[in-house]
Every structure is written in structure tokens, then in C-alpha cells.
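Student: Have a look at the structure that comes next, please.
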Amino acid sequence: MSKLKLSGVSKAYGATLALRRGDLEVMAGEVHVLMGSNGSGKSTLCKIIAGSVRPDAGRILIDDTPATITGPRSARAQGIGIFYQELSLAAHRSVEENICLAALPVRAGLFVDRVSLKERAARYIALFDGVSGEGFAADALVGNLRPDQRQLVEIMKALASEAPLLIFDEPTSALDRAQVERFFEILGNLKRRGRGIIFISHRMDEIKAIGDRVTIIRDGETITTLNLDETDAATVIRLMVGGAGDMPASQSSVPAAVDIAAESALTVRNLSGAGFRDVSFEVGRGEILGFGGLHGQGQSALLRAIFGAGAITSGEIRIGSERFDASSPRDAIRRGLAYVSGDRSRDGVISGRPIIENVSPIHYLRDRLMIASPSRLRDRVLPALQSMHTKFASLFDPISALSGGNQQKVIIARWLIDRPDVLLLDDPTKGIDLSAKADLFTLIRQLAAEGLGILLYSSEDAELLGNANRILVFNGGSVSRELTGAERTRYNLYQAAYEAA
Ligand SMILES: Nc1ncnc2c1ncn2[C@@H]1O[C@H](COP(=O)(O)OP(=O)(O)O)[C@@H](O)[C@H]1O
Ligand SMILES: [Mg+2]
């Protein structure tokens, strides 16, 4: 029996066509895996089913009946529950409140019925008894939990919907083995009871263990659906990569690094810390060193730690030939490091303040003696902004008036007033439009050509293949493979990231 059928579903975010043609059919009693590279449109497809994104076109059938999903409430009412990849939890609320948030038991109007809330939540918390870890409790605040524990709460929240169709968008990325095993037992039970389950993971072993069929999505398009016991990992990877997957990243598009051996910009030796372990590499002046692999394999944690914003337990960092002990971002900035994150709301934008104040803080930090007059600052800011075709009316406009892409250009310009030596880019193009991406990469390559050493983590493989001179593939916090020269193919990148996982 068909639980859900999507045909020709599409969605564009501005200039980004996230989903061109999504087709998917999920049967009652099956775990249906979605596979596709980073940015291929999997989460967009899930959000359309869950009502948090409205499709531009396409048809949806639920239980063989045409359906219109107008929003998350409407999806819930039609029997759909979802685990969101980016989680949907309230940090200031307890575990039990989060689990039952969508359907808070209400008695006498607005007052939360604490007794029935506790009883309901306890059922889902008990499912993970023994594997949820220290500090996990019904009344613990979600904001105080570890990443794996938050993921468990999001799983419990999805399960508590008791929906006939459940979507899990990368639910296991932070879980340990025991937690995954428990979760799979639960999924197996749900499946036997006739639920339809959509499951996204990049881990081949997990997919083989839990999945019945797999639908492969490439560049926003459904390629095919296969029975998992009639296929193998290599076939699935080939289908995800597509025909041109063996072609090396075009050599002409990636500029040759300046003589790397001659001058090192940054050296990392046997560095371990929170989220990464025993990482060694050297990035030369003029080089763009890419960090690839699945999301959350230590790339961001490492970049933040190098910038002095994360714990390091052993190993060493050198800037040029001098040792650097990464104790604070302030030190890092004084030593010529710059850090730009794609998470602008957390790490970048000073919201509500004018553009000029958003470009100046680093300058004050680096150059404390000089009291910069607004006109001097403007003389240094404008060229940086103009070089990236930043669209704004006045430096005194609030930064929130700009699009995401233009905000990111302002954030990058803030670092260019005083030239850094090393630029740490932590998924810098997340959520920005195509033309802004192109402008940013033109600038990044120009900065490399001028002698900066650049570390680039991107969750979009095409950005790495098109810009990095070398790519380190991360897996479980360590570097599992280095791809140089003609080895930098989509196929090798996928294989290193997915199969080893
Ligand atoms: N809210 C958004 N605004 C702009 N672009 C987005 C947004 N969400 C996703 N995208 C873009 O849509 C494409 C598909 O993203 P997504 O569905 O998250 O892929 P996946 O889950 O397969 O990694 C990507 O290019 C991504 O950058
Ligand atoms: Mg996704």
C-alpha cells in the first residue's frame, strides 16, 4: 500500500533551483532511504512533505489520495512526522517539553498539563534508556545537552508524533554505535507495524542495515529507485555521482598554488581536540586547501579551534615558522588569522547595526593604536566591498537590509581592511545565492594569488572541486584521505566520504 507519492515536485530558493524534479513513493512497512550528495535537494524534499517549505510545482498523494500540505500543522494533521536535520528544539525548554511541544497536552486553556506531559514524554525517553548518556533527564534543559543527546530528543519528538509516515533527515550523524543500534530496533518495530519511513544517511553500513529501498537524487532530480538487497555500494555511489564523475576537476579552473614548498602559511601537527583527532597538514602561501567529507566530521571544529575558539588537547600549530597556541580569537586575529563562517547569525553579523560598524571591529582589534576616523575607514572599506560587487546604498544602512549574500560580503570585507595571512573559511557560502557565491570565490582565489594561505571547508562538493588545490577528506574527526591533482574527482571525493563512513 502506498503511503506517500510525490511526482515532479520542484522548489527554487531565489536563483537556486534546490529541487528540479522530485519523485518518490513510500510504501507502508518500508524504510525508504534517500541518497544524494550534499546540496542535492534531500532536505528540501523532506521539508516539502513536512509542510515547512511550499513546493513551486508537483503532485502529492497521501494514501493514494491527492493531498495539499499547507504548512507543518497541516502535514501533522495528515499523518506526517519529521526529524529535522538542523533540529527543531527549543534550547530553553526541558527534554519532556520539547518531546511534546507540537502536541502539548492542554487543560483549561493555556496551562500546560504537566502530569500528562510527563507521562507522554516518559514513554519516548524510556525507549533510549541506557544509551542516552550522562546528564540526560526528562527535566534537563535541551540547551545543556551534548549534540548526540539533542539528536535523541529530536528523534523522540518525531516518534511522539505517532505519525503513520515518519521522515528522518540525517538523524544519526552525531549518535554513537549503541544509540544507532537502539534507534534501528525502534525503526524496525515501527516498520513491522506498517509505518512508512523515509531515512537519510550517508553511511553505507547503516543504509544496508535498515533500508529496504533507496531513491537516488542528483542535482535536485530523482535518478532512480532500487531494492537495496539487489544493489551494492559502488553502484549507488556511481549513480549519485553521475556520468562525469571520473573527470578530474578542471585543471584550468583551479589555479596552481604559488610555490608551496617555499613558504608555509600555516602548519598543523598531530592536532587533537574537541571533535577532531591527530590532524596534520601544511597550507602554503597562495594555496587553497579544501576540507571535504560528510557534514560534521570535524572540519568546522578544527577550523574554530585553530582560530582559538575551540578546545585543543594536543599537537601544535605554526603560523609561518612561529608557534601559535590558539588560546583566543583575539590572539588569532593579532597573529594574522581570519575566520569566516556560513553561520552568519551566530558568528558574523552584528544585527541591527549599520554596515560600517559591521566591517570595523576587526580593524580596531588589530590596530589598537590608530583611532580610525569614519572617513579613513570608509576609504579602506569601500574598495573591499566594491571588489565583490556588494550591493548597498549607504555604509550607514543597517546590515539587515542586505541579502544574505551581500551580508556575507560585508563580513569578508571586515577582514580585508588589514590583510590577514591565513583565511579560515567555514562553509562560507551556506544559504547564499549563486551570483554571490561566484563573487566570493573570485575574491577568494584572488586572495590566494596574492599570497594568503586559505583553508576552505565547504558542504558543497562542487565548490571544493572547483577551487581547492588539494582536498583533505574528513571522517570521524580525522583525515582519511588526501586528494591532489588528477585525484580530485567527484567520484574519489564521494567514495572517500561515503564508503569509509
Ligand atoms: N533556505 C534556503 N535558501 C537558499 N538556498 C537554499 C536554502 N535551503 C537549501 N538551499 C540550497 O538548495 C540546495 C539543496 O539543499 P538541500 O535540500 O539542503 O540539500 P541536501 O539536504 O541534499 O544537502 C543547495 O544548493 C542549498 O544551498
Ligand atoms: Mg540535508
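Student: With θ set to phi - 60°, apply the Karplus curve 6.51 cos²θ - 1.76 cosθ + 1.60 along region 131-136 and write out the HN-Hα couplings as whole Hz, x wherever there is a Gly or Pro.
Tutor: 10, 7, x, 4, x, 7
Student: Between Arg488 and residues 5 or more places away or on another chain, which pairs have amide H atoms under 5 Å apart, with H built 1.01 Å from N, and which residues are they?
Tutor: Ala249
Student: Given a cut-off of under 8 Å on Cα pairs at least six residues apart, what relative contact order in percent is computed for region 1-66?
Tutor: 45
Student: Jot down the radius of gyration and Dmax of region 1-129, Cα atoms only, both in angstrom.
Tutor: In Å, with Rg to one decimal and Dmax whole: 17.1, 49.
Student: Working out 0.36 nm times the residue gap between Ala174 and Thr225, then minus their Cα-Cα distance, what length gain in nm do you get to one decimal?
Tutor: Value of the extension gain: 15.6 nm.
Student: How would you rank 316-325, 397-406, 194-203, 215-224, highest first, on the average number of other Cβ atoms within 10 Å across their residues?
Tutor: Averaged packing, sorted descending, gives the order 194-203, 215-224, 397-406, 316-325.
Student: Simple spin-label model, 7 Å along Cα-to-Cβ: Ala126 to Asn270 in nm?
Tutor: Calculated label separation equals 5.0 nm.
Student: Which shape class, rounded, prolate or oblate, goes with region 2-245 when its Cα gyration tensor gives a ≥ b ≥ c as root eigenvalues, a/c under 1.5 marks rounded, and past that a/b bigger than b/c marks prolate? Spell out each step's value before the answer.
Tutor: Values: a/c = 1.85, a/b = 1.43, b/c = 1.29.
Prolate is the answer for region 2-245, as a/c is 1.5 or above and a/b outweighs b/c.
Student: Which whole-number percent is the relative contact order of the chain (Cα, under 8 Å, 6+ apart)?
Tutor: Details: 1038 pairs, mean separation 82.8, N = 501.
It rounds to 17 percent for the chain.
Student: Quick one: length gained pulling Leu382 to Ala449 fully straight, 0.36 nm per residue minus the C-alpha distance?
Tutor: 22.0 nm
Student: Residue by residue through region 446-457, what is 3J(HN,Hα) from phi via Karplus (6.51 cos²θ - 1.76 cosθ + 1.60, θ = phi - 60°)? Round to whole Hz and write x for glycine and proline.
Tutor: Ordered by residue, 3J(HN,Hα) equals 5, 4, 4, 4, 7, x, 6, x, 10, 9, 10, 9 Hz.
Student: Right, here's the next one. Which cross-chain or sequence-distant (5 or more) residues have an amide H under 5 Å from the amide H of Ile82, H modelled 1.01 Å from N in plane?
Tutor: Residues meeting the amide H criterion: Ile167.
Student: While we're looking at this one, here's another question. What is the spin-label model distance, in nm, from Arg54 to Ala462 if the labels are put 7 Å beyond Cα along the C-beta direction?
Tutor: Placing both labels 7 Å along Cα→Cβ, they lie 2.7 nm apart.
Student: Another one. Once you put a point 7 Å from the Cα of Ser327 and another 7 Å from the Cα of Glu185, both along the Cβ direction, what distance in nm separates them?
Tutor: 4.8
Student: Which entries of Lys42/Lys208; Lys42/Lys157; Lys42/Lys430; Lys11/Lys208; Lys42/Lys118 show an alpha-carbon separation above 23 angstrom in the structure shown?
Tutor: Checking Cα-Cα distances, Lys11/Lys208; Lys42/Lys118 exceed 23 Å.
Student: Something else: Between Ser341 and residues 5 or more places away or on another chain, which pairs have amide H atoms under 5 Å apart, with H built 1.01 Å from N, and which residues are they?
Tutor: Those qualifying (amide H under 5 Å, at least 5 residues apart or on another chain) are Asp426.
Student: Right, next: Contour minus end-to-end for Ala15 and His389, with contour as 0.36 nm per residue of separation and end-to-end as the Cα-Cα distance?
Tutor: 132.9 nm
Student: As a check on your grasp of the helix formula, calculate [θ] at 222 nm for the chain: sum -39500 (n - 2.57) over DSSP H runs of n ≥ 4, divide by the residue count, round to the nearest 500.
Tutor: Estimated from H runs of four or more residues: -9000 deg cm²/dmol.
Student: Here is a further query. Using the Kirkwood radius over C-alpha pairs as Rh, can you work out the diffusion coefficient of the chain via Stokes-Einstein at 20 °C, viscosity 1.002 mPa s, in µm² per second?
Tutor: In µm²/s, the coefficient rounds to 88.
Student: In sequence order, what are the phi-derived ³J(HN,Hα) couplings for region 194-207 according to the Karplus relation 6.51 cos²θ - 1.76 cosθ + 1.60 with θ = phi - 60°, rounded to whole Hz, with x for glycine and proline?
Tutor: x, 6, x, 10, 9, 9, 10, 7, 9, 8, 4, 5, 5, 5
Student: Okay, moving on. Using a Förster distance of 30 Å, how high is the FRET efficiency between Glu316 and Ala233, based on the Cβ-Cβ distance and rounded to 0.05?
Tutor: E(calc), rounded to 0.05, equals 0.20.
Coordinate-derived values only; no laboratory data. Remember, predicted model here, so these are calculated numbers, not experimental data. Positions of Cβ are backbone-derived with ideal geometry, glycine not excepted, and every protein chain shown enters the neighbour counts.
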